[in-house]
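Note sheet for the following structure.
The values are calculated or read from the model by the stated rules, or taken from the named source; none is laboratory data. Quick caveat, the model's predicted, so the values are computed rather than measured. Here the Cβ positions follow ideal geometry from the backbone for every residue, glycine too, while neighbour counts run over all protein chains shown. Just so you know, the surface numbers come from the protein's heavy atoms only, side chains and all, with ligands and any DNA or RNA stripped out. Shrake-Rupley method; radii C 1.70, N 1.55, O 1.52, S 1.80 Å.
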Amino acid sequence: DSVAECRWHRSGTQDECSTLLDEAEQVADKLADPTMHKAMIEHYRSRMFRLFKQPDDALAAASRAIPLAQSCNSPRVLGLCENALGNVYRSQRRSNEALAHFDVAADCFEREGDLEMQAIVLRNQGRCYEQKGESGRAIEALEKSIELLRQLHLYVECAEAALDHATALHTLGENDEAEAEVQEARELFSSLGAVARVRDAEELLSRIARRP
């Protein structure tokens, strides 16, 4: 399953990823207790389907992962699967359902002491609040996410969260602060050659420049 994840990040080819996940499932079936591995395989499948914009398949895979994760006695695995299902609902703008799963994920990662995943879930929660029009709550969650990511020296992830934070600031009319935050993120993305992220930043700057 980890090989499949690496493969789609490197090549973006769904057929290769799907084949590798099928092979991983065949290996898992030979284990005495394949439950944890099968949960993670479905977790990766849901992410793959979401990446390739197949929402029904993403939802089905993420939903299959949850009962498997609940039975394998691993808060981290359950947290990953709950976060994945939350992301499927978030991508469908079903914010309340997404937040319910992010809350479970947050509790799992807090029990595990996993600060990186706590930060990621906080970012996801912030994005949901912005979808719901609750920009104040979005800013609060995103600021906590950014603080944790800085502590962990995860500066790329911090810059990604900063774009969401700037979006919420822009919604509230705090355009100067939002623009400065996006400019800083864009400089980091540009230095890394992250073309897609630079484009995201420039699109947000264009929206800010139009100022409501």
Query raised in the report: Pairing the Cα long axis of helix 2-11 with the longest principal axis of the chain, what angle in degrees results, from 0 to 90 and rounded to the nearest 10?
Result: 50
Requested in this report: Taking 7 Å along the Cα-to-C-beta vector as the label spot, tell me the E187-R94 distance in nanometres, rounded to one decimal.
Outcome: 4.2
**Report entry** Calculated FRET value between E203 and V27, using beta carbons and R₀ = 41 Å, to 0.05
**Finding:** 0.45
Query raised in the report: If one computes the Cα centroid of region 111-166 and of region 34-97, what distance in Å separates the two points?
Result: 20
Report task. Find out how many positive minus negative residues lie around A65, taking Lys and Arg as positive, Asp and Glu as negative, among other residues whose Cβ is under 11 Å from that of A65. Result -> +2
Query raised in the report: Could you give the nm distance between label points at R211 and Q14, where each point is 7 Å from its Cα heading toward the beta carbon?
Result: 4.3
Report summary line: With a 1.4 angstrom probe the carbon and sulfur portion of accessible area for the chain, in percent, totals 47
Requested in this report: Mind checking region 22-81 for chymotrypsin sites (Phe, Trp or Tyr not before Pro) that DSSP puts in a loop (not H, G, I, E or B) and that have at most 16 other Cβ atoms within 10 Å?
Outcome: F52
**Report entry** Extension gain, V156 back to D57 (0.36 nm per residue minus Cα-Cα distance, nm)
**Finding:** 32.7 nm
Report task. Show which aspartates and glutamates lie in cross-link reach of K132 when reach means a straight Cα distance below 19 angstrom and same-chain residues fewer than eight apart are skipped. Result -> E97, D103, E140, E143, D164, E174
